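**Student:** Submitted below is the structure of interest, expressed as structure tokens.
The values are calculated or read from the model by the stated rules, or taken from the named source; none is laboratory data. None of these values were measured; they are calculated from a predicted model. We place every Cβ from the backbone using ideal geometry, glycine too, and count neighbours over all the protein chains shown. Side chains included, ligands, DNA and RNA excluded: accessible areas come from the protein's heavy atoms. Shrake-Rupley method; radii C 1.70, N 1.55, O 1.52, S 1.80 Å.
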Amino acid sequence: MPFKRFKINGDRLNSTLQETCTSYGALPAPSTGMCRLTLTPSDKAARDWLVSECKSLGCDIKIDQMGNIFAIRPGTAGNKAPIGMGSHMDTQPAGGRYDGILGVQSALEVLRTLHENSIQTYHPIALINWTNEEGARFPGAMMASGVWSTHSSTDLSACHALRDTDKISMATALQETGYLGPTPCDYRENNLSAHFELHIEQGPILERERKEVGIVTSVQGMKWFAIRVTGREGHSGTTPMEGRADALVTAARLITAVRDTAVQTGLGVATVGVISSDTSSQATIPAGVGFVVDVRCDTDDLVDQLSESILRAFDQVIKEEDNATTYSVERTWGLPESKFHPDCIEAVKKAAVGLYPPRLSPLLANFIQPRQLHASTIMSSPAKRKAEKDISPPKPKKTKSTTKAKTEIPAYHLTPSRQDESGENVWPARKEQIERAREIIRDWYIKTHSTD
Ligand SMILES: [Zn+2]
């Protein structure tokens, strides 16, 4: 069987994900959310289940000193480090079912598919479940993968000493769940050739652009700045409005400047999510206010540019306020941009694009009418027959359902996306029309050419 034809079983992936979420750490209905904090009984149950599933697929299990699980399916090459796939099974106290969990479950589905097709890979393949990636129980996101990378400022012993809100240390939690393993948590001693992670997009962009899959090419550069605004305290009833130095009013203007600068420069995103007032008293003019600015951009250089622009805007606000309020800045946390390896990006791209019939894509553009698209018209053209021949996948089985599916190519009638103020129809951009037609043809192609 050519490799191109291998597909995971999406229904099995989803049902396994839903069943295990329901069994291990689901919030009470009607919520469909999760509370599976790391190394709690529900996380232990999910881990135990995962380990036994992976063992049944012929994997060797390694647990490291941070409780990271490496389930390794041997390859034919004796001396190659595994290719890793995975994510995290822990969640926030009210998290979703897909963040992290999907990454581990899809790795398991890949292992199941390899196993049932008796595929031997050259490299070993490792499923990985990283511990406390959410940082919801023990403070510090991406904690255990950070220790493994040796780039975290919180090292192994510091992580082990961290305590949750019940004062239980991470070392104790690892011991009590049976996940304090002997393998060193250090990539130099437990290496990988590559690591892939399937993750839901936690933003609106793919949906807005009507794309199903995006390929992440890097992790943004990030910096946090703790800002301290100081003013002059006074009684809210007896201090006249003129001459006040209200730190909270200045802080409010600075926070607005954070948003405005990010919007105006388009360099990246900037957010204030935390604010505190020293006095927090209704009858006192605030004299000390703190807030944290979170700046994220595609590159470190852009992070610096945006941060400098924000601070320039701050100076302008202070000048305009022209009272005794001032501010100071402390850099508290940051992560440099991290670009993924081009070979890994290319591998994901090839696999994703492989789901589309490649030779049909350029044809689409030639046959699309802006006002009305009709997939059956496109597909019954001579060019389509040639394209089908060119693709020449393994001949579909001549089953009843295949024939039926072929006669049911869905039609796509273009509809206006909205109407403007004068009631005129506004039509989707040509790019969107092409995307929609491509979707229909892709679905049609998969349906008619699948042998299962
Ligand atoms: Zn995640």
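**Student:** Right, S23: under 29 Å from D166 (Cα atoms) and open to solvent by 40 Å² or more (accessible area, probe 1.4 Å) or not? Even if it seems obvious, please write down each step before you answer.
**Tutor:** Numbers: under 29 Å from D166 (Cα atoms): yes; open to solvent by 40 Å² or more (accessible area, probe 1.4 Å): yes.
Criteria met by S23.
**Student:** Taking S309 and the conditions (1) touching a helix residue (DSSP H, G or I) at 6+ places or on another chain (Cβ under 8 Å); (2) open to solvent by 40 Å² or more (accessible area, probe 1.4 Å); (3) assigned to a helix (DSSP H, G or I), which numbered condition does it fall short on, given that it satisfies the others?
**Tutor:** (2)
**Student:** Another question, then. Residues that are at negative phi and within 16 Å of the ligand (Cβ to nearest atom): does segment 207-218 have at least one?
**Tutor:** Yes, some residue in segment 207-218 is at negative phi and within 16 Å of the ligand (Cβ to nearest atom).
**Student:** If you don't mind, there's one more thing I want to ask. Of all residues in segment 178-206, which are of a type outside the set (A, V, I, L, M, F, W, C), within 16 Å of the ligand (Cβ to nearest atom), in contact (Cβ under 8 Å) with a residue 40 or more places away in the chain and in a loop (DSSP other than H, G, I, E, B)?
**Tutor:** If we filter segment 178-206 for residues that are of a type outside the set (A, V, I, L, M, F, W, C), which is where we start, we get 178-179, 181-184, 186-191, 193, 195, 197, 199, 201-204.
Imposing the further condition that a residue be within 16 Å of the ligand (Cβ to nearest atom) reduces the set to 195, 197, 199, 201-203.
Still in the list and also in contact (Cβ under 8 Å) with a residue 40 or more places away in the chain: 195, 197, 199, 202.
E197, H199, Q202, listed by residue number.
Each row is one residue, and each column tells you yes or no for (1) touching a helix residue (DSSP H, G or I) at 6+ places or on another chain (Cβ under 9 Å); (2) open to solvent by less than 20 Å² (accessible area, probe 1.4 Å); (3) at pLDDT 95 or above; (4) within 24 Å of A347 (Cβ to Cβ).
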residue: A171; (1), (2), (3), (4): yes, no, yes, no
residue: Q175; (1), (2), (3), (4): no, no, yes, no
residue: G181; (1), (2), (3), (4): yes, yes, yes, no
residue: L198; (1), (2), (3), (4): yes, no, no, yes
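**Student:** Restricting to segment 64-87, give me the number of residues that are open to solvent by 10 Å² or more (accessible area, probe 1.4 Å) and within 14 Å of V51 (Cα to Cα).
**Tutor:** 2
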